[in-house]
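Below is one structure, written out as structure tokens, with a few remarks after it.
The values are calculated or read from the model by the stated rules, or taken from the named source; none is laboratory data. Only a predicted model underlies this, so the values are computations on that prediction, with no experimental measurement involved. Neighbour counts run over all protein chains shown; Cβ positions are idealised from the backbone, glycine included. What goes into the accessible areas is simple: the full protein's heavy atoms, side chains included, and nothing from ligands, DNA or RNA. Shrake-Rupley method; radii C 1.70, N 1.55, O 1.52, S 1.80 Å.
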Amino acid sequence: MAEERKAFDVVVIGGGPGGYTAAIRARQLGLEAAVVEKEEQLGGVCLNWGCIPTKALLKQAEIYRLLQRADEFGFKVGQVDYDWTRVIQRSRGVADNLAKGVAYLMNKNEVQVFKGRGRISPTKQVEVRDGKGQVLETLEAKSIIIATGGRPQTLPGIEIDGEHIISSREAMVIPERPESLLVIGAGAIGIEFAYFYNAFGTRVKVVEALPQVLPREDEEIAAILDKSLAGQGIELETGARIESVEKKEGGVEVSYTGKSGTQVEEVEKVLLAVGVRGNVEDLGLEALGLRLREGAIPVNGRLETSIKNIYAIGDVIGAPQLAHMAAAEAVAAAEFIAGQERDEIDRGNIPSCTYCQPQVASVGLTENEALEAGHEVKVGRFPFMASGKAQAAGDAEGLVKLIFDARYGEVLGAAMIGAEATELIAEVCLGRKLEATYEELLHTVHAHPTLSEAVMEAAGEAFGAAINL
Ligand code: NAD
């Protein structure tokens with residue numbers, strides 16, 4: 001193909017939730033924008049191999065488990081069975097639909113999409129290259145946004161072969177359900193897949209290096225999750241060290257040292273879920289002299305890298321590596337580029353959600369973090385057992401825990417576990433954005449019966465004003 005030159009205000013490298021959002025926001029602000037994407041479909045890992053297809057799978061696991069409880073709800077159903085191929089296919093269909101939706105949005109917003117690998121030349125143009133490294137186009141860009149995302153981290157000496165030792169990508173399309181699975185890492189990915197496979201009958205073991213599951217979550221909430229998942233039949237080994245992972249005929253042998261010494265497990269598959277690292281390679285960054293730190297691109301509060309007019313957003317800039325973080329950074333970067341007056345993103349108010357059942361969600365400070373930050377703390381808890389809506393739905397496991405500053409009553413954080421916790425957290429995010437006090441949460445009339453009443457009641461409980469407890 002002949003090399004062409006094209007000029008844009010903003011060229012975004014990467015078409016995931018960060019990249020496509022940045023391009024749309026740039027267009028809304030009157031800037032000419034282009035996206036360079038190396039994959040066939042837009043949407044990045046989130047839409048194609050992450051958040052969305054896994055949420056489809058998790059919903060299916062939830063339905064399967066609910067069907068097994070049919071009798072409790074007064075239904076007589078025979079043996080409930082599933083067709084594994086269709087379980088997987090549905091999730092792929094959902095991902096494909098959404099990726100097409102992104103292509104539609106690019107069209108609608110007149111964002112030009114270039115298919116190929118983006119690379120920044122030393123003269124700060126964006127070259128679009130094919131798989132062989134051939135330059136297809138050279139794009140002039142007043143500003144460049146690097147939104148190249150991340151990929152699964154590996155551990156020294158353990159190679160992901162995609163067959164026996166897999167990453168989340170393979171885990172969502174295994175053609176036949178494995179009989180046994182050992183998950184390394186009890187972060188969001190590890191826990192979500194552990195829940196999914198266990199629900200469908202796979203023998204699941206999770207090995208985590210740190211002392212609790214979901215190590216970044218509130219200790220009390222993580223302990224409740226640990227108990228609940230153990231009750232569902234998942235074996236959890238926290239505070240354990242992986243000694244070796246070796247492929248054997250038809251499976252993998254894993255040796256780890258935990259509380260009861262060194263154990264050896266033979267399993268069909270091992271899922272490596274030990275974090276995500278940024279895609280910083282092959283972008284021309286070394287030649288540009290763009291500063292990297294621990295495999296990520298450090299940015300300032302305006303999402304600027306060490307080089308003028310080059311911005312970076314999303315997984316490639318480091319934790320928290322969440323799609324909603326990337327999208328928020330995308331909007332901010334586009335607005336800074338357009339010269340808008342706006343606040344920097346408040347990184348202390350980013351929700352974190354894990355979509356196993358019971359769901360886990362949190363925002364702001366945990367109880368320990370609030371104490372360490374020197375706050376005099378008041379904690380309010382409201383268990384879903386005391387919620388009429390949760391009882392009616394047959395889903396009364398878990399609780400809402402709110403953390404307040406005792407002097408001013410300001411809500412500092414929330415940690416929740418239970419049905420729809422990932423939806424309920426939004427109220428506290430808004431509360432924190434508006435610096436809401438316990439009284440404002442308590443005096444906001446919540447519809448009855450709803451699960452959201454648990455937030456209001458937890459605010460009351462912290463200050464001796466819960467009604468239904
Ligand atoms: P993570 O960093 O959240 O969790 C990785 C876990 O692996 C940690 O608990 C860590 O202690 C553990 N670990 C690391 N090395 C280990 C070792 N040698 N042995 C045992 N355990 C070890 O990463 P993740 O779960 O892989 O997810 C990657 C990113 O994607 C995260 O930023 C995560 O938040 C995000 N994500 C979010 C969601 C969601 O929002 N629901 C879902 C999936 C992924």
- Query: What residue, among those in region 210-222 that are assigned to a helix (DSSP H, G or I) and open to solvent by less than 20 Å² (accessible area, probe 1.4 Å), is nearest to the ligand (Cβ to nearest atom)?
  - Reply: Ala222
- Every residue from region 270-296 that is touching a residue at least 24 places away in the same chain (Cβ under 8 Å), closer than 27 Å to Glu170 by Cβ and either polar (S, T, N, Q) or assigned to a loop (DSSP other than H, G, I, E, B) (or both): Ala273, Val274, Gly275, Asn279, Val280, Asp282, Leu283, Glu294
- Considering only region 333-366, state which residues are over 16 Å from the mean Cα position of the chain (by Cα), of a type outside the set (D, E, K, R) and more than 20 Å from Gly314 (Cα to Cα). Gly339, Gln340, Pro358, Leu365, Thr366
- Of all the residues that make up region 131-168, how many are away from the ligand (no atom under 13 Å from the Cβ) and open to solvent by 50 Å² or more (accessible area, probe 1.4 Å)? 8
- Message: What pairs come out if I take residues in region 186-210 that are in contact (Cβ under 8 Å) with a residue 12 or more places away in the chain and pair them with residues that are more than 6 Å from the ligand (Cβ to nearest atom) and aromatic (Phe, Trp, Tyr) whose C-beta lies under 8 Å away, six or more apart or interchain?
- Response: Ala199/Tyr64; Phe200/Tyr64; Phe200/Tyr82; Phe200/Trp84; Val204/Tyr197; Val207/Tyr256
- Could you grab me the full set of residues in region 169-204 that are part of a helix (DSSP H, G or I), surrounded by 21 or more Cβ atoms within 10 Å (Cβ to Cβ) and within 16 Å of the ligand (Cβ to nearest atom)? Ala171, Ala188, Ile189, Gly190, Ile191, Glu192, Phe193, Ala194, Tyr195, Phe196, Tyr197
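Pull up region 289-314, narrow it to residues that are touching a strand residue (DSSP E or B) at 6+ places or on another chain (Cβ under 7 Å) and open to solvent by 40 Å² or more (accessible area, probe 1.4 Å), then point me to the one that is farthest from the ligand (Cβ to nearest atom). Spell out how you get there, then give the answer.
Residues of region 289-314 touching a strand residue (DSSP E or B) at 6+ places or on another chain (Cβ under 7 Å): 290, 295-297, 299, 303-305, 309-313.
So of that shortlist, the ones also open to solvent by 40 Å² or more (accessible area, probe 1.4 Å) come out as 299, 304, 309.
Values: Val299: 17, Glu304: 23, Asn309: 28 Å.
Ranking the candidates gives Asn309 first.
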- Please name all residue pairs, on different chains or six or more residues apart, with Cβ atoms under 6 Å, provided the first residue is in region 436-457 and is in contact (Cβ under 8 Å) with a residue 12 or more places away in the chain and the second residue is buried (at least 23 other Cβ atoms within 10 Å of the Cβ) and β-branched (Val, Ile, Thr). Ala436/Val411; Ala454/Val400; Val455/Val400
- Message: I need every pair where a residue in region 223-250 that is part of a loop (DSSP other than H, G, I, E, B) has its Cβ under 8 Å from the Cβ of a residue that is hydroxyl-bearing (Ser, Thr, Tyr) and open to solvent by less than 40 Å² (accessible area, probe 1.4 Å), sequence separation at least 6 or different chains.
- Response: Gln232/Tyr195; Ile234/Tyr195; Ala240/Tyr256; Ala240/Thr257
- Note on the structure: So, first residue free of Cβ contacts under 8 Å to residues at least 40 places away in the same chain and part of a loop (DSSP other than H, G, I, E, B) in region 306-328, second residue within 12 Å of the ligand (Cβ to nearest atom) and of a type outside the set (A, V, I, L, M, F, W, C), Cβ within less than 8 Å, six or more apart or across chains; the pairs are Pro320/Ser352; Leu322/Ser352
- Message: It is to be established whether one or more residues within region 49-70 are under 25 Å from Glu335 (Cα atoms) and either among the polar types (S, T, N, Q) or surrounded by 23 or more Cβ atoms within 10 Å (Cβ to Cβ) (or both).
- Response: no
- Item | Residue pairs meeting the criteria (Cβ under 7 Å; at least 6 apart or on separate chains; first among the acidic types (Asp, Glu), in region 345-370; second in a strand (DSSP E or B) and surrounded by fewer than 23 Cβ atoms within 10 Å (Cβ to Cβ)) | Glu367/Val377; Glu367/Val379
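Which residue out of Arg347, Arg381 is within 16 Å of the ligand (Cβ to nearest atom), more than 21 Å from Ala61 (Cβ to Cβ) and open to solvent by 40 Å² or more (accessible area, probe 1.4 Å)? Reasoning before the result, please.
Values: Arg381 fails: within 16 Å of the ligand (Cβ to nearest atom).
So the residue among Arg347, Arg381 that is within 16 Å of the ligand (Cβ to nearest atom), more than 21 Å from Ala61 (Cβ to Cβ) and open to solvent by 40 Å² or more (accessible area, probe 1.4 Å) is Arg347.
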